1. So how many residues does the range 107-133 have that are within 23 Å of the chain's Cα centre (by Cα), assigned to a strand (DSSP E or B) and surrounded by fewer than 18 Cβ atoms within 10 Å (Cβ to Cβ)?
2. Tell me whether the range 183-201 contains one or more residues that are touching a residue at least 12 places away in the same chain (Cβ under 8 Å), hydroxyl-bearing (Ser, Thr, Tyr) and within 15 Å of LYS235 (Cα to Cα).
3. Is it the case that the range 163-176 has a residue that's acidic (Asp, Glu) and more than 20 Å from GLN113 (Cα to Cα)?
4. How many residues, within the range 219-233, are of a type outside the set (A, V, I, L, M) and without any contact (Cβ under 8 Å) to a residue 40 or more places away in the chain?
5. Among the residues of the range 135-146, what is the count of those that are of a type outside the set (Val, Ile, Thr) and farther than 17 Å from PRO213 by Cβ?
6. Of all strands (runs of 3 or more DSSP E) completely enclosed by the range 207-289, which ones contain at least 2 residues that are in contact with an Asp or Glu (Cβ under 7 Å, 6 or more places away or on another chain) and under 18 Å from PHE115 (Cα atoms)?
7. Of the numbered conditions (1) touching a Phe, Trp or Tyr at 6+ places or on another chain (Cβ under 7 Å); (2) surrounded by 15 or more Cβ atoms within 10 Å (Cβ to Cβ), ALA262 satisfies every one except a single condition; which is it?
8. Name the residues in the range 182-206 that are over 28 Å from PRO119 (Cα atoms) and small (Gly, Ala, Ser), would you?
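The values are calculated or read from the model by the stated rules, or taken from the named source; none is laboratory data. As the structure is a computational prediction, the values presented were derived from the model and not from experiment. With ideal geometry, Cβ positions are generated from the backbone for all residues, glycine too; neighbour counts draw on all protein chains shown.
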Amino acid sequence: MAKKYLIAALVALVTLPAFAQNERHYEYDEYGQVGRKEGWARRFAHNFYDGLIGAEYYEVVEEDGTKTEKKAESGKDKKNVSKSYRYYGPGHTPDLYVGINLLCTDQPPTLTQDFPQKPGKGFEFGVALGQWGYHMTKNLGINTAFYLTRSRYWIDSNRYLGYKDDKSIGLTNAQIDGNDVKQGYLRYWSVRVPLCIEISSASRRGPFIAVGPELEYRFADVSKVDYYGKKKGEKIIRGINVNPLGVNAVARVGINDFGIIARYSFNSLFMNDEPVQTYPFMIGISTSF
């Protein structure tokens, strides 16, 4: 029950500021109030987010037909001036990414010999459920997001992760109910929260680079197999000793809304290194909508 409340609190903490930042330009009336057309929920999110980050307000001044922006001297209470909300958005944090997964030693991308992965057979995708950030300068900011991801690894040589004779979990190629295993694979879902420092050009369309730590919570881990000439994706074990908590390093580099993303886990995928000590590594492509 406590885990459910913790996850709900994390979702609320990320999605509320993301909701406030959904649009990059908010107009105020002559009394400095957000127009009613935005609705009470977004106005509440604006006020919450303003107080959270200490947002600054800027006057849009028109002189000789040219519009310029300067910091408002008295904030919201200045009348008869159009004010815009300074955008403190998530920078180049991707909305979606897809990548290739590898199970490596502590020297990535060296593969773990005791857990042979099928060549080219590892896949992960992630979707951002909420994003927010703060631009300290035009070129430097911090950002984070709340990702839901799915990871899968295929095992080589007709082996799969199952129960051995001593009831421990390990690699085996034994028949299952008289069926020969074509391939085995493991799969799990994750909630990920990265915190990155981003260096970028002043233009949204320019290049960027971002690096930082990431916390991960893994769940719904299973071992599956495909049989020769039989149904695919049969579950063999639910709960394969996957370490639920992960501490990772993540890096992103790109231009405009497209980039390359990479991640390495600092702790082993399996608890107590059973059945093997191995560290997930991922590299892929990312985009923002």
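1. Initially, the range 107-133 is screened for residues within 23 Å of the chain's Cα centre (by Cα), giving 108-109, 120-133.
Narrowing further to those that are assigned to a strand (DSSP E or B): 120-133.
Filter once more, keeping what is surrounded by fewer than 18 Cβ atoms within 10 Å (Cβ to Cβ): 120-121, 125, 127, 129.
Count: 5.
2. yes
3. Yes, because at least one residue in the range 163-176 is acidic (Asp, Glu) and more than 20 Å from GLN113 (Cα to Cα).
4. 6
5. Residues meeting the conditions: 5.
6. Passing ranges, in order: 207-227, 279-287.
7. Against the list (1) touching a Phe, Trp or Tyr at 6+ places or on another chain (Cβ under 7 Å); (2) surrounded by 15 or more Cβ atoms within 10 Å (Cβ to Cβ), ALA262 comes up short only on (1).
8. Hits for the range 182-206 are SER200, SER201, ALA202, SER203, GLY206.
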